[in-house]
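Enquirer: Right, I'll just put the structure down here and ask away after.
No value in this document is a laboratory result; all are computed from the given coordinates. No experiment lies behind these values; they were computed from the predicted model shown. Here the Cβ is made from the backbone with ideal geometry for all residues, glycine too, and neighbour counts use every protein chain on show.
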Amino acid sequence: MTSEVQAFEAHATDADLDDLRARLATARLPEAETVPRWGQGVPLADLIEVVDYWRTGYDWRWFEKRLDRIGQFRTTIDGLGIHFLHRRSTRADATPLVLTHGWPGSIAEFVDVVDELAEPADPDTPACHVVVPSLPGFGYSDKPATTGWGTEKIAAAWVELMGRLGYDRFAAHGGDWGGNITTVLGGRFPEHVLGIHTTFAEGPPGLTTEGLTPAEREWTEETHDFWHHRAAYAKQQATRPQTIGYSLVDSPVGLLAWILDKFAEWSDTEDSPFETISRDRILDDVTLYWLTRTGASSARIYYESHNSLDPELRVDVPAAITVYPRDIEKYPRPWAQERYRRIVRWRSPEAGGHFPSLEVPGYFVKDLQEGLAAVRQAV
């Protein structure tokens, strides 16, 4: 640790929490959907139930205390304040690990897995010094006031951040935007990155489906369908983040619906995301967006980086890749290995979606630990 890194505590004012409850109590809601359940988005009945619990039963202070117990810090990189969690292991053989979230996720995705990663119950399981940064414009990180904070710059900032913590060499994990950033880390900074574990392994563009198995072809068809029929949110945030941002910052119900829709559609469930993720964990995430007023600033990562992964980028550090069955983008191994040229472990579990650390936390931790062990063995 250096003087450039300062301790940080999360504490919303009582006035902000009272204002949230007041807005929830006076929310103006539309009529019910005209098709069954989630066919037009979040069902009115489901939203009313969650809004009522958010107003009367949810405990934000518990989440603040949880963040403080892990350890929160901030540092300034390239003029922008970056917030992060940092949990050092007591194990001398621990591997530094940076975990990067995406959208509509946040550091809340990893709060329940940090301790087991840092202090695994089995002494033979690899331990980690865990660092969980908030992306620029997310959570308690600063909001960029100019353009330029895309995934390439964020990856370079993570190298600087880890160096300030004394971790010149480290492993990296991520999914969604975090997977994109993790890919950039492995491809651009091999001298600092021991290896990567990712749930998002995007192959280069223009690859053929010839030679793929039927199951692999189905993956490509599902990914194609997602981007052509279910990705309007991404186009909106990539082209007009300011416009949607007014609603996301001004209306807690609007913010909740915008995010809850993705937890529902992208989770491995039959109907509701609450089949696998508790209301409290989703509301931790949504409330963090609300209290930090980051609905617009977080959306701008799409404006900065949508479809921006360098098609020529190749990752030659060891890579462990896990593709969950209900994730929104699934690339078959023959496509992935065109970019990730040292895949040391590949897994396709039977359950899980876009938010595995929340949906299947036990499997997620074990898979990440085994992936890191494979990476370390290959270094």
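Enquirer: Along the Cα→Cβ direction, 7 angstrom out, place labels at L44 and R342. What is the inter-label distance in nm?
Expert: My value for the distance between the label points is 5.7 nm.
Enquirer: Can you compute the FRET efficiency between R91 and A156 using 1/(1 + (r/R0)^6), with r the Cβ-Cβ distance and R0 = 25 Å? Round to the nearest 0.05.
Expert: The formula returns an efficiency of 0.30 here.
Enquirer: Out of segment 306-379, which GluC sites (Glu not before Pro) are coil in DSSP terms and have no more than 11 other C-beta atoms within 10 Å?
Expert: Of the GluC sites (Glu not before Pro), the ones in loops of segment 306-379 whose Cβ has at most 11 other Cβ atoms within 10 Å are E312, E350.
Enquirer: Now for a separate question. In what order do S251, S298 fall by count of nearby beta-carbon atoms within 10 Å, going from fewest to most?
Expert: Details: S251 18, S298 28.
Lowest count first: S251, S298.
Enquirer: How far apart, in nanometres, would the label points at A32 and R293 be if each is projected 7 angstrom from Cα along the Cα-to-Cβ direction?
Expert: It is 3.8 nm.
Enquirer: Taking 0.36 nm per residue of separation and subtracting the Cα-Cα distance, what length does fully extending D310 through K366 add?
Expert: Values: separation 56, 0.36 × 56 = 20.16 nm, distance 3.09 nm.
Here the answer is 17.1 nm.
Enquirer: Another one. Taking neighbour counts of Cβ atoms within 10 Å as a proxy for exposure, in what order, fewest first, do R61, R217 appear?
Expert: R61, R217
Enquirer: Which order results if K262, K235 are arranged by neighbouring Cβ count within 10 Å, fewest first?
Expert: Least to most surrounded, the residues fall as K235, K262.
Enquirer: While we're looking at this one, here's another question. Treating the beta-carbon of each Lys and Arg as +1 and of each Asp and Glu as -1, no other charges, what is the dipole magnitude of the chain about its Cα centre, to the nearest 20 debye?
Expert: Details: 38 positive and 57 negative charges, 173 e Å.
Here the size comes out at about 840 debye.
Enquirer: Another question, if that's okay. Amide H neighbours of I343 under 5 Å, counting only residues 5+ apart in sequence or on other chains, H built in-plane at 1.01 Å?
Expert: Under 5 Å from the amide H of I343 lie the amide H atoms of A319, each far enough along the sequence or on another chain.
Enquirer: Here's a follow-up. Which whole number in µm²/s is D for the chain by Stokes-Einstein, with the Kirkwood Rh taken over Cα pairs at 4 °C and 1.567 mPa s?
Expert: Rounded, D is 61 µm²/s.
Enquirer: Identify all lysines with a Cα-Cα distance to K235 below 20 Å; exclude those on the same chain that are fewer than 8 residues away in sequence.
Expert: Partners within reach: K262, K330.
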